[in-house]
Amino acid sequence: MNRVKTSEKISIQGATEEGKRERSFELSLSALVSGRDGLDREFEEETSIVSISSREVHMGLKSPVQPGAKLQLSLQVPQTLYLEKGLLLAISGTVAQVRPESPLTSKRSVLVRLDRRFRIERN
């Protein structure tokens, strides 16, 4: 009898590499990002979040940040049918990965690992 070896890894949309069932949401939220760039200059930049989970945020930045840099993010969560008023989510984290600029947007792809602390305010 022939046995076919199959992969034991299961692909779950939105799951992290560790295989934990953490969901990553692909959405566009306005964000104000601040911190220090690769030349140790303070910066503040408006951008949009590409995806977010409880552990990380993926976004595009024009500022030349480096892995290890601490960033602060203020995300505008809009009013919805379930959310009576918009919210401001203040979070921080450490840059984990930076990919080169995209020729279309002139922004670097930045992955930020989030700290556990956050603050939510009503708009």
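Take each peptide in 54-67, 107-120, count the other Cβ atoms within 10 Å of every residue, and average; sorted highest first, the result is 54-67, 107-120.
Placing a label point 7 Å from the Cα of Gln72 along the Cα-to-Cβ direction, the residues of region 35-55 whose backbone N falls under 15 Å from that point are 35-37, 42-46. As a calculated quantity, the FRET efficiency between Ala96 and Glu121 at R0 = 25 Å, using C-beta atoms, amounts to about 0.40.
None of the figures in this text is laboratory data; all of them are computed from the coordinates on show. From a predicted model like this one, the values you see are computed outputs, not experimental measurements. Cβ atoms come from the backbone with ideal geometry, glycine included; neighbour counts cover every protein chain shown.
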